[in-house]
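To keep things clear, I will list the structure first and then write my remarks on it.
The values are calculated or read from the model by the stated rules, or taken from the named source; none is laboratory data. No experiment lies behind these values; they were computed from the predicted model shown. Positions of Cβ are backbone-derived with ideal geometry, glycine not excepted, and every protein chain shown enters the neighbour counts.
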């Protein structure tokens, strides 16, 4: 799971296996360890109708409606966004890069622009 933060914008990108786990377990979490603290970032399903996020005790939690998770798992839908609220939120499937990169992309979704 990757996160990107820019100003009041939060973007999560998920690999195929992460989408599968989210659909099965309803929760994903990763962390980044710094010198004095650890930042955890997570996604949890909710019965709400829209995406939301909160930051409590060095933990960013994205709340994703169960209906959106089901659609992400079972369809070709690429992602969801929530432009309103205090933070603009985007969650999407992680596609392979068109450029050569050193990171392992074997679990990423095939890039639809690869054969364009």
Region 72-83 - residue that is within 14 Å of the chain's Cα centre (by Cα) and outside any loop (DSSP other than H, G, I, E, B) and, of those, nearest to residue 94 (Cα to Cα) | 79
So residue 41 fits all but one of (1) over 22 Å from residue 84 (Cα atoms); (2) within 12 Å of the chain's Cα centre (by Cα); what number is the exception?
-> (1)
Residues of region 31-66 that turn out to be surrounded by 14 or more Cβ atoms within 10 Å (Cβ to Cβ) and not in a strand (DSSP E or B), as a count = 2
Those residues of region 1-20 which are in a strand (DSSP E or B) and touching a residue at least 60 places away in the same chain (Cβ under 8 Å), in sequence order = 2, 9, 10, 11, 12, 13, 14
Subset of region 21-30 [outside any strand (DSSP E or B) and surrounded by fewer than 14 Cβ atoms within 10 Å (Cβ to Cβ)] = 24, 25
Please find, among 80, 95, the residue that is surrounded by 12 or more Cβ atoms within 10 Å (Cβ to Cβ) and at pLDDT 90 or above.
-> 80
